[in-house]
């Protein structure tokens with residue numbers, strides 16, 4: 001064998017080619033045969049207790065066990081556990097898990113096996129666990145892949161996908177934004193001006209037919225300083241503000257930028273900051289944010 | 001209009017996660033407690049009305065059809081009500097309407113939310129395309145209106161913390177309350193971070209799992225201790241109305257005027273003994289004190305500051321701890337209505353307001369565009 005790092009250290013592997021055989025004897029053989037069939041059995045001792053896994057000789061008395069096999073479990077109760085934060089190559093699971101002693105229902109002794117509990121808090125003495133079986137079984141304790149806590153919740157992947165088409169008034173508004181103007185509507189009955197353009201007036205129900213082109217300047221009427229991140233804002237804190245465009249009676253809610261959050265004021269004059277013209281699409285993404293104009297504040 | 005009474009109230013303990021029950025198990029727990037309070041069983045119920053907030057919260061579409069079995073509704077009329085956060089109140093009023101209109105003699109009203117199944121801020125912030133709005137959750141929506149209230153009235157910044165403390169102190173007397181914070185005080189509230197300035201973490205409501213149920217009865221079928229409905233009103237208004245007053249919405253004023261007229265109330269602060277009002281962010285107490293006419297415009301914060309709304313004040317608000325202490329959203333409005341009933345029945349336990357004869361239950365929802373209110377009393381109207 002080549003030495004490692006030039007030091008007098010060498011790797012030496014002893015592995016019987018093909019692996020050792022283990023003759024099971026009748027008791028362990030029955031246990032493993034039942035496992036292959038997807039059942040767990042214990043053996044009854046002369047004193048009447050049920051050993052799981054079965055042993056050939058009762059550790060309490062040294063007597064041979066009886067030939068009575070008792071189906072136990074499949075569920076059981078954890079009596080103790082040790083959490084494995086970093087599984088090693090030979091471990092039964094490749095994610096953090098617990099080694100646990102599990103007293104299967106109907107058994108008088110505990111079985112050691114792995115429990116896939118997700119996190120250590122999910123496992124305590126008394127936790128009920130069930131075996132998770134391997135599909136292909138060949139008569140080994142690993143025919144039980146691991147145990148797992150009872151199912152108490154499922155994850156439901158609900159997904160609805162829509163195809164949204166901006167038609168009507170919204171389409172007209174976005175088309176306007178696509179060429180750098182805000183299009184609102186004026187109600188012929190009550191005279192209120194809405195931006196974005198709406199099909200009808202929320203105040204009086206009148207169909208809005210008169211379109212109005214509004215400037216990209218306005219006044220912040222009020223705002224929130226948001227400390228929770230949002231994908232639509234570049235950073236936290238960010239300011240979401242009610243902005244009354246000049247000539248409008250209904251505020252837009254939009255991002256304010258170009259000014260530290262705590263310097264934003266109610267009554268502050270702002271102007272839309274447009275992204276470069278060559279990047280424009282029919283979308284509000286054309287407006288990066290509203291930034292202060294530097295004019296004196298408006299009295300609200 | 002026929003008389004209507006609340007004869008049973010049932011609540012679950014409100015908590016962050018009810019891991020041990022399904023949604024069906026949760027609503028049934030509240031329903032059975034309400035029936036038990038009334039000394040009745042499902043057999044005695046003619047119709048079931050259920051309310052909850054948006055389906056997107058749990059991702060269960062039309063939960064009313066799934067929950068019919070759990071609520072003993074087989075073979076009976078069952079309907080679902082939805083008016084966002086005010087839904088619990090609206091659900092009670094739809095149930096009361098079935099009694100007052102003479103359609104049924106006994107109606108079971110249930111409302112719930114199992115917020116732990118998803119995240120309400122996610123569900124309220126779904127980023128639809130083409131939108132020019134930038135709102136993050138309910139707090140992001142309401143924070144600017146609170147700021148505007150502060151500007152208009154000149155209210156000092158600590159008023160919100162006073163309500164946050166007062167309601168949590170009340171919660172310590174309510175075994176069903178979710179947030180029970182021993183030693184809660186202004187310093188603790190002020191030490192928590194701003195989420196949506198001017199709203200601090202402890203100035204907001206929690207996310208709760210829970211259900212509330214009430215049994216409503218016609219006069220002839222009353223069992224046990226009744227709380228009589230003296231007035232019931234709902235109003236809504238368009239959120240996008242131009243020049244809308246988002247600090248003190250017209251729909252709230254109109255709804256209050258209607259319910260007071262029915263109950264013969266001309267001076268709510270003097271005539272009403274206790275109020276359970278939907279205050280999910282602490283600043284909404286002074287805002288609603290004005291909107292509901294308990295004081296003049298601009299004076300709400302002074303009423304709060306004076307201690308008048310505390311359990312030992314002249315007009316206790318949210319003796320139960322309110323939405324600030326328990327918020328299974330869909331149920332939160334019904335809890336207000338149920339707590340008002342418990343008070344006039346004299347069954348509110350440690351947070352009972354002595355001698356309460358007339359109580360207001362209030363809920364609001366959406367962008368403060370839906371309102372539901374009732375006045376319940378110890379005596380028949």
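Read-outs throughout are calculated quantities, based only on the coordinates presented, and are distinct from any laboratory measurement. For clarity, every value in this text was computed on a predicted model and none was experimentally measured. Please note: Cβ atoms are built from the backbone with ideal geometry, for glycine as well, and neighbour counts cover all protein chains shown.
Residues of segment B:299-316 with amide nitrogen under 16 Å from the 7 Å Cα-to-Cβ point of residue B:186?
Answer for this model: B:301-310.
Let me test this: with uniform point scatterers at the alpha carbons of segment A:167-280, what is the Debye-based log₁₀ I(q)/I(0) at q = 0.11, 0.14, 0.15, 0.19 1/Å?
Log10 I(q)/I(0), no solvent term: -0.40, -0.64, -0.72, -1.03.
Looking only at chain B, where both bridge partners belong to it, what percent of the DSSP beta bridges are antiparallel (to the nearest 5)? It would help to have the intermediate numbers written out before the result.
On the way: 38 of 52 bridges.
Around 75 percent of the beta bridges assigned by DSSP in chain B are antiparallel ones.
So what is the 222 nm mean residue ellipticity for chain A from helices alone, if each DSSP H run of at least 4 adds -39500 (n - 2.57) and you divide by all residues, rounding to the nearest 500 deg cm²/dmol?
Only helices count here, giving -2500 deg cm²/dmol.
Using the per-residue mean of other Cβ atoms lying within 10 Å as a proxy for protection, in what order, highest first, do the peptides A:35-43, A:270-278 fall?
Result, highest mean Cβ count within 10 Å first: A:35-43, A:270-278.
Take the alpha-carbon positions of segment A:166-214, form their convex hull, and give its projected area averaged over all directions (one quarter of the hull surface) in nm². Could the numbers behind the result be given before it?
Details: hull surface 11.8 nm².
For segment A:166-214, the mean projected area of the Cα convex hull comes to 2.9 nm².
How crowded by other chains is B:137-146, given as the mean number of beta carbons from other chains within 10 Å of each beta carbon?
Neighbouring Cβ atoms belonging to other protein chains average 4 per residue here.
How would you order B:202-213, A:67-78, A:185-196 from highest to lowest mean count of nearby Cβ atoms within 10 Å?
Peptide ranking by packing, descending: B:202-213, A:185-196, A:67-78.
Give the calculated FRET efficiency between residue B:122 and residue B:254 to the nearest 0.05, with a Förster radius of 35 Å applied to their Cβ-Cβ distance.
The computed FRET efficiency comes out at 0.60.
When a footprinting reagent is the concern and you count Cβ atoms within 10 Å, what order do A:143, B:220 take, fewest first?
B:220, A:143
State, in angstrom, two size descriptors of segment B:80-176 derived from its alpha carbons: Rg to one decimal place and Dmax to the nearest whole number.
So, for segment B:80-176, Rg and Dmax equal 18.9, 50 Å respectively.
What spacing in nm lies between the two simple spin-label points modelled at residue B:239 and residue B:62, each 7 Å away from Cα in the Cβ direction?
Spacing of the two 7 Å Cα→Cβ label points: 2.5 nm.
Label residue B:22 and residue A:30 with points 7 Å out from Cα along Cα→Cβ: what is the distance between them in nm?
For residue B:22 paired with residue A:30, the spin-label model returns 4.1 nm.
Just need the relative contact order of segment B:132-218 here, percent rounded to a whole number, with Cα pairs under 8 Å and 6+ apart.
Relative contact order of segment B:132-218: 28 percent.
Give, to the nearest whole percent, the P(r) tail of the protein assembly as shown beyond 38 angstrom, counting all Cα pairs. Intermediate results must be reported in sequence, preceding the final value.
Details: 116066 of 231540 pairs.
That fraction is 50 percent.
Compute the convex hull volume of the Cα atoms of segment A:121-169, divide it by the residue count, and report the result per residue in Å³ as a whole number.
Output value, Cα hull per residue: 155 Å³.
For a label point 7 angstrom out from the Cα of residue A:136 toward its Cβ, which stretches of segment A:12-49 have the backbone nitrogen within less than 17 Å?
Residues passing the 17 Å test: A:36-38.
Pairs of alpha-carbon atoms within less than 8 angstrom and 6+ residues apart define the contacts here; what relative contact order does segment A:129-255 have, in percent? Display every interim value, and only then the final one.
Values: 208 pairs, mean separation 20.2, N = 127.
Value for segment A:129-255: 16 percent.
Taking the square root of 5 times each eigenvalue of the Cα gyration tensor, what semi-axes in Å does the equivalent ellipsoid of segment A:216-300 have, largest first? Show your work: numbers first, answer last.
Numbers: eigenvalues 73, 57, 26 Å².
Largest first, segment A:216-300 gives 19, 17, 11 Å.
Full-extension gain between residue A:154 and residue A:293, please, as 0.36 nm times their residue separation minus the C-alpha to C-alpha distance.
Gain in length upon complete extension: 44.7 nm.
What ranking, highest mean first, results for peptides B:99-109, A:148-158, B:164-174 when packing means the other Cβ atoms within 10 Å averaged over each residue? Before the final figure, lay out each step's value.
On the way: B:99-109: 20.5, A:148-158: 9.5, B:164-174: 23.2.
Taking the mean over residues of other Cβ atoms within 10 Å, the ranking is B:164-174, B:99-109, A:148-158.
Calculate, for residue A:79 and residue A:162, the FRET efficiency according to 1/(1 + (r/R0)^6) with r their C-beta to C-beta distance and R0 45 Å; round to the nearest 0.05.
So, using R0 = 45 Å, E works out to roughly 0.30.
Determine the shielding of peptide A:253-259 by partner chains: average, over its residues, the number of Cβ atoms on other chains within 10 angstrom of each Cβ.
Per residue, the number of nearby Cβ atoms from other chains is 2 on average.
Over chain B, what is the mean sequence separation of C-alpha contacts under 8 Å (at least six apart), divided by residue count, expressed as relative contact order in percent?
26
Please determine, in degrees from 0 to 90 and to the nearest 10, the orientation of helix A:25-36 with respect to the longest principal axis defined by the Cα atoms of chain A, where the helix direction is its Cα long axis.
So the inclination is approximately 20 degrees.
With a Förster radius of 60 Å, plug the Cβ-Cβ distance of residue A:71 and residue B:74 into 1/(1 + (r/R0)^6) and report the FRET value to the nearest 0.05.
Using R0 = 60 Å, I get an efficiency of 0.90.
For a test of the definition: using alpha carbon positions, the gyration tensor, and the 1.5 limit on a/c, classify segment A:25-149 as rounded, prolate or oblate. Each step should come with its number before you reach the end.
Working: a/c = 2.14, a/b = 1.59, b/c = 1.34.
Here segment A:25-149 falls in the prolate category.
Modelling each spin label as a point 7 Å along the Cα-to-Cβ direction, I'd like the residue A:212/residue B:267 distance in nm, to one decimal.
4.5
Across peptide A:235-247, what mean number of C-beta atoms from other chains lies inside 10 Å of a residue's C-beta?
2
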